[in-house]
Amino acid sequence: MKLLTISVAVALGFFASGAQSQEATFTMDGELGFIFTAGNTETTSANAALNAKQELEMWSNEFTLKALYKKDTVDGVETTSADKKFASAQGNYKLDNPDHRLFGFASYEDDRFSEFDYQSTVAGGWNQKLWEDDTSSFEFSVGPGYSFADRFVTDVDGNLTTESENGIVVRGAFSYAYSLSETAKFTQSFSTEVGADNTKSRAESAVSAKIAGGLSMKAAIKFDHNSDVTGIRDNLDTETSVNLVYTFF
């Protein structure tokens, strides 16, 4: 099932790209942040992201890769406390009004410190760009989908195993951007996947400012929420970061 979800995400991009032969507008930026501490406690923390957008006559496509890793060393004992990977792709097919689209979406997440072995979603439906001007923009998507997940459980013998949690979901998402100045902007994104077993939601609030050329500084706070968790695990994970962002093209 993991391979199926990744294949769907790749297929979205290749289908949209191959459907037209005219010159495309393609942009991509990468984010990178590190934290190192030394002394009684040694900490290594790194987070990275790669974001790409493609505009064609009939398609508008978005691709995202994210990773987070953290390791702590206390009294010579190393402990990994965060290890998360996330990938998503969305292809938006433009109708007669190019601000009205039909979308296809696929995502995959592997978080070693959640109670899920993996979580993934495929969805489709309606996408609309409500407005876009020199100051701000707002876009949303909504539609049905299907989620795939393997949750860690302990069987009657005390062994750790997994059980599948697959089901129909309704996915909703929006993204908002506002230009604070010629060199700074605020962005807000949110998505939720509502299902019978679990509702998974994500949000990111960020402010970025251009330093020089294609280099920017970005401060962000991210929220990752699962409605159904067990044991002592928290429903909500938060991540605050300050990253360097480089726009490749």
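Quick notes
- Three-way shape call for the range 127-186 based on the alpha-carbon gyration tensor, with the a/c threshold at 1.5: oblate
- Whole-Å distance, taken between Cα centres, linking the range 56-96 and the range 222-249: 10 Å
- Computed on the chain, with alpha-carbon pairs under 8 angstrom and 6+ residues apart, the relative contact order is 13 percent.
- Rounded if a/c under 1.5, otherwise prolate or oblate - the chain, Cα gyration tensor axes: oblate
- Charge-dipole axis of the chain as Lys and Arg at +1 and Asp and Glu at -1 on Cβ define it, positive-most pick from 120, 180, 79: 180
- FRET efficiency estimate (nearest 0.05) - Cβ-Cβ, residue 212 to residue 135, R0 30 angstrom: 0.80
- Surface accessible to a 1.4 Å probe, per residue, for the residues of the chain, Å²: 56 Å²
- Checking every one of the GluC sites (Glu not before Pro) in the range 172-222 against DSSP loop status and a limit of 10 other Cβ atoms within 10 Å picks out 182.
- Put a dot 7 Å past the Cα of residue 246, heading toward its Cβ, do the same for residue 35, and the two dots end up 2.3 nm apart.
- Cut-off 13 Å between beta-carbons: net charge of the residues surrounding residue 181, Lys and Arg +1, Asp and Glu -1: 0
- Helix-only CD estimate at 222 nm, as mean residue ellipticity for the chain, using -39500 (n - 2.57) per DSSP H run (n ≥ 4): -2500 deg cm²/dmol
- Rounded to the nearest 20 debye, dipole of the range 53-112 from Cβ charges on Lys, Arg, Asp, Glu: 20 debye
- Compared with the alpha-carbon gap, the fully stretched path from residue 96 to residue 73 is longer by 2.5 nm at 0.36 nm per residue.
- Rounded to the nearest 20, the Cβ-based charge dipole of the chain about its Cα centre (Lys and Arg +1, Asp and Glu -1) stands at 460 debye.
- Overall form of the range 62-134 per C-alpha gyration tensor (a/c, 1.5; a/b vs b/c): prolate
- For residue 197 and residue 235, the FRET efficiency from 1/(1 + (r/R0)^6), where r spans their Cβ atoms and R0 equals 22 Å, is about 0.95.
- Members of 53/94; 84/222; 71/200; 53/218; 70/210; 84/210 lying beyond 21 Å, as alpha-carbon distances in this model show: 71/200; 70/210; 84/210
The values are calculated or read from the model by the stated rules, or taken from the named source; none is laboratory data. None of the values given here were measured: they were computed from a predicted structure. Don't worry about glycine lacking a Cβ; one is built from the backbone with ideal geometry, like all the others, and counts go over all protein chains shown. Accessible surface areas use protein heavy atoms only, side chains included; no ligands, DNA or RNA. Shrake-Rupley method; radii C 1.70, N 1.55, O 1.52, S 1.80 Å.
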